[in-house]
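The values are calculated or read from the model by the stated rules, or taken from the named source; none is laboratory data. All figures in this text were calculated on a predicted structure; none of them were measured in a lab. All Cβ positions, glycine included, derive from the backbone under ideal geometry; neighbour counts span all protein chains shown.
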């Protein structure tokens, strides 16, 4: 794979795995905020 070493590939995979949780957490937080805004402003 383009001459990348296995350790670098593992670091990238681990980073992507962590980023997935940050993304899911951000999506949930955004949905909760939108829900609260709709509840209180309508």
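With respect to residue 32, determine if the residue is modelled with pLDDT of 85 or more, part of a helix (DSSP H, G or I) and surrounded by 10 or more Cβ atoms within 10 Å (Cβ to Cβ). Yes. Take residue 38 and tell me if it is surrounded by 10 or more Cβ atoms within 10 Å (Cβ to Cβ) and assigned to a helix (DSSP H, G or I). So residue 38 fails the test.
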